[in-house]
Amino acid sequence: MLTLINPVPRAEPFDHGNWLFELKFDGFRAAADTVRGRLFSRNGDRLRRYEGVLDLLPKGHVFDGELVVLDDAGRPLFNELLFWRGFSNANSCRRLTYVAFDLLMTDGVDLRPLPLKERKAAMARVGKRAESWIALTNGIVGDGRALYRAVVDADLEGIVAKRLADAYHPKRAKWHKVLNRTYSQRRDVTPSGGETSRQMDDTKAA
């Protein structure tokens, strides 16, 4: 079973030139395997109800990303995703989207041993052949605090920080998530995914 990297909660954003900072989308984490035509949650469960989105992704690859339903302003709507009933019923301004933020395999080649920077470059090349229903996250290097301020102003869920030099290794790669404490759709979670109101401890960036 493919194991996905689980970002470690961090209380405050930070700046660092060796780190990439991306938007955290409010949806379902999912690995999209367009080789076998399957969509998996981070726990390894099949997400069969949403697998129609695979028809709109480029074939021959395995992505790590997030399933979201977007409103007409491009903002995720978690409840719409939770009760989503299919493409034929989706409102034109509230469509299911797969947001890819990593490329793990491509055309039979395992990219996980490569640094994040190289995987991002490979994903960008694949993305040029994708349909409009896939979105690619690029992020910004170094300026985590600025991105976090923009996220708070836009009422989005948060940011994710990733070390550019790291391979895709669930136990060794350093990813941190910083949640927007004023997010209007916020659901507090523990590192294992359970509901809680407990404040997360800060973790040191390296």
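Summary of values
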{"item": "Residues residue 48 and residue 110, FRET efficiency given R0 of 22 Å [Cβ-Cβ distance, rounded to 0.05]", "result": "0.30"}
{"item": "Two-site FRET efficiency, residue 36 against residue 141, from Cβ-Cβ distance with R₀ of 45 Å, rounded to 0.05", "result": "0.85"}
{"item": "Dipole magnitude (debye, nearest 20) for region 8-179, charges at Cβ of Lys, Arg, Asp, Glu", "result": "520 debye"}
{"item": "Contour minus Cα-Cα distance for residue 71 and residue 183 (0.36 nm per residue)", "result": "38.7 nm"}
{"item": "Residue 85-residue 153 pseudo-label distance in nm [points 7 Å out on the Cα-to-Cβ vector]", "result": "3.9 nm"}
{"item": "Protection-proxy order for peptides 29-42, 47-60, each taking the mean of Cβ atoms within 10 Å per residue, highest first", "result": "29-42, 47-60"}
{"item": "Long-range HN-HN contacts of residue 158 with modeled amide H, under 5 Å", "result": "24, 180"}
{"item": "Cα gyration tensor shape of region 8-179, rounded if a/c is under 1.5, else prolate or oblate by comparing a/b with b/c", "result": "oblate"}
{"item": "Footprinting exposure proxy for 172, 163, 186 (fewest neighbouring C-beta atoms within 10 Å first)", "result": "172, 186, 163"}
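Bear in mind these aren't lab numbers, they're just calculated from the coordinates by the rules spelled out. These numbers come from a predicted model, not from an experiment. Every residue, glycine as well, gets a Cβ built from its backbone with ideal geometry; the counts of neighbours run over all protein chains shown.
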